[in-house]
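Trainee: What follows is a structure written as structure tokens; I'll ask about it next.
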Amino acid sequence: MTTPTPSPRKIVLVTGASSGIGEATARHLAAVGHHVVLGARRVDRLALLVKELTEAGHSAEHAELDVTRLDSVTSFADAALARHGRIDVLVNNAGVMPLSPLDALHVQEWNQMIDVNLRGVLHGIAAVLPAMRERGAGHIVNIASTAAYRVDPTAAVYCATKFAVRALSEGLRQENTAVRVTVVSPGFTQSELADQGGDVRAQSAARAATEQIGLPASAIAQAIGYAIAQPDAVDVSEIVVRPTVQN
Ligand code: NDP
């Protein structure tokens, strides 16, 4: 998959840019000439990344962002809109994956996955869609997963949120002929995703699989870059990128 030289430079917002796929996406999009606006809760990490990118001659800024709060996402988007006059692309990437069997009743973590993976994406859409519709242009890239296509034990709630992201992305695409919508669905990818919460056995199995076969996060960043680089009339609706050996 080749990413053509972008033209023109786009204003791209990335949620969850403090590690993993979001961080790799920030690096890739900045390196190909876009201006990246990076959001996450760990602002210290974002500040270091922005420093590194700007010292390398790229264009980047950051802000604190909690996608579970509509006001936080709206402020993040409104500030970028005020500063740059437009938002060309939103990459709804922030996500969490505390895996556990349903009968373990990790209800708080179920709600966290719904809040971050599903509500967070909806908050992102709410924050940018009005301005994109008014301008008659824009692109929303939602990060789902291969877990949006199949269900596995311990991943029921995670899969439910990712199936939902695919469903709402399809609805968003159908309702908007001027705004491009892309779902990017990674398979096992090296990141911090399996490091937090969940059931010990389920999380260590996910970590082991990622260590054995996980793609570098840059592979997903390049797929996102490919979708963004297409002409306005071309909507890349879905991309699935997984390790060749993943079943
Ligand atoms: P990481 O854990 O490395 O990154 C997750 C990012 O989400 C972090 O930057 C984190 O930042 C951010 N985040 C979490 N909660 C919030 C919140 N409430 N508000 C704002 N940001 C938040 O994992 P990945 O890079 O792997 O995950 C990125 C996306 O890719 C997720 O949607 C994930 O589901 C998806 N994915 C990943 C796969 C993989 O194998 N790695 C496979 C399939 C899909 P902070 O904590 O600083 O807020």
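Trainee: Out of the residues in the stretch 110-125 meeting the condition of being in contact (Cβ under 8 Å) with a residue 60 or more places away in the chain and closer than 15 Å to residue 162 by Cα, tell me which one is surrounded by the most Cβ atoms within 10 Å (Cβ to Cβ).
Mentor: Initial filter on the stretch 110-125 (in contact (Cβ under 8 Å) with a residue 60 or more places away in the chain): 112, 120, 124.
Next, from what is left, pick out any that are closer than 15 Å to residue 162 by Cα: 112, 120.
Values: 112: 17, 120: 29.
Here the answer is 120.
Trainee: Of everything in the stretch 188-207 that's assigned to a helix (DSSP H, G or I) and of a type in the set (S, T, N, Q), which residue is least open to solvent (accessible area, probe 1.4 Å)? Break it down into steps so the answer makes sense when it comes.
Mentor: Narrowing the stretch 188-207 to residues assigned to a helix (DSSP H, G or I): 193-195, 200-207.
Still in the list and also of a type in the set (S, T, N, Q): 203-204.
Working: 203: 4, 204: 49 Å².
Checked the stretch 188-207; the qualifying residue least open to solvent (accessible area, probe 1.4 Å) is 203.
Trainee: Could I ask something else about it? From the set of residues in the stretch 10-49 that are of a type in the set (D, E, K, R) and in contact (Cβ under 8 Å) with a residue 40 or more places away in the chain, which is farthest from the ligand (Cβ to nearest atom)?
Mentor: Of everything passing the filter in the stretch 10-49, 10 is farthest from the ligand (Cβ to nearest atom).
Trainee: Among 33, 22, which is closer than 18 Å to residue 224 by Cβ, open to solvent by less than 40 Å² (accessible area, probe 1.4 Å) and touching a Lys or Arg at 6+ places or on another chain (Cβ under 7 Å)? Working first, answer last.
Mentor: Details: 22 fails: touching a Lys or Arg at 6+ places or on another chain (Cβ under 7 Å).
Of 33, 22, the one residue that is closer than 18 Å to residue 224 by Cβ, open to solvent by less than 40 Å² (accessible area, probe 1.4 Å) and touching a Lys or Arg at 6+ places or on another chain (Cβ under 7 Å) is 33.
Trainee: Does any residue of the stretch 88-100 turn out to be small (Gly, Ala, Ser), out of contact with any strand residue (DSSP E or B) (no Cβ under 8 Å at 6 or more places or on another chain), buried (at least 21 other Cβ atoms within 10 Å of the Cβ) and over 30 Å from residue 33 (Cβ atoms)? Show your work before the answer.
Mentor: Let us first name the residues in the stretch 88-100 that are small (Gly, Ala, Ser), namely 94-95, 100.
Those still in the list that are out of contact with any strand residue (DSSP E or B) (no Cβ under 8 Å at 6 or more places or on another chain) too: 100.
Those left that are additionally buried (at least 21 other Cβ atoms within 10 Å of the Cβ): 100.
Now restrict to residues that are over 30 Å from residue 33 (Cβ atoms): 100.
Yes, the stretch 88-100 has at least one match.
Trainee: Any idea which residue in the stretch 60-71 is surrounded by the fewest Cβ atoms within 10 Å (Cβ to Cβ), counting only those that are in contact (Cβ under 8 Å) with a residue 12 or more places away in the chain and over 14 Å from residue 17 (Cβ atoms)?
Mentor: Taking the stretch 60-71 first, the residues in contact (Cβ under 8 Å) with a residue 12 or more places away in the chain are 60-70.
With over 14 Å from residue 17 (Cβ atoms) added as a condition, the list becomes 68-70.
Working: 68: 18, 69: 14, 70: 16.
Step by step, filter the stretch 60-71, then rank; the result is 69.
Trainee: Answer yes or no: is there a residue in the stretch 154-172 that is closer than 23 Å to residue 81 by Cα and crowded, with 16+ Cβ neighbours inside 10 Å. Walk me through it before giving the result.
Mentor: Filtering the stretch 154-172 for residues closer than 23 Å to residue 81 by Cα gives 169, 172.
Subset that is crowded, with 16+ Cβ neighbours inside 10 Å: 169, 172.
Within the stretch 154-172, one or more residues are closer than 23 Å to residue 81 by Cα and crowded, with 16+ Cβ neighbours inside 10 Å.
Per-residue answers, yes or no, for (1) closer than 21 Å to residue 25 by Cβ; (2) at pLDDT below 95; (3) among the hydroxyl-bearing types (Ser, Thr, Tyr); (4) more than 14 Å from the ligand (Cβ to nearest atom):
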residue	(1), (2), (3), (4)
79	yes, no, no, yes
85	no, no, no, yes
97	yes, no, no, no
102	no, no, no, yes
105	no, no, no, yes
109	no, no, no, no
114	no, no, no, no
118	yes, no, no, no
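Trainee: Another question, if that's okay. Could you identify the single residue in 182, 210 that is outside any loop (DSSP other than H, G, I, E, B), within 21 Å of residue 155 (Cα to Cα) and hydroxyl-bearing (Ser, Thr, Tyr)?
Mentor: Numbers: 182 fails: within 21 Å of residue 155 (Cα to Cα).
Just a single option satisfies the conditions, and that option is 210.
Trainee: Confirm whether residue 196 is out of contact with any Ser or Thr (no Cβ under 6 Å at 6 or more places or on another chain) and within 14 Å of the ligand (Cβ to nearest atom).
Mentor: On the way: out of contact with any Ser or Thr (no Cβ under 6 Å at 6 or more places or on another chain): yes; within 14 Å of the ligand (Cβ to nearest atom): yes.
Answer is yes for this residue.
The values are calculated or read from the model by the stated rules, or taken from the named source; none is laboratory data. What you see is a predicted model, and the numbers here were worked out from it, not measured in a lab. Because the Cβ atoms are built from the backbone with ideal geometry, glycine has one as well, and the counts that use them run over all protein chains shown. Ligands, DNA and RNA are excluded from the accessible area calculation, which covers all protein heavy atoms including side chains. Shrake-Rupley method; radii C 1.70, N 1.55, O 1.52, S 1.80 Å.
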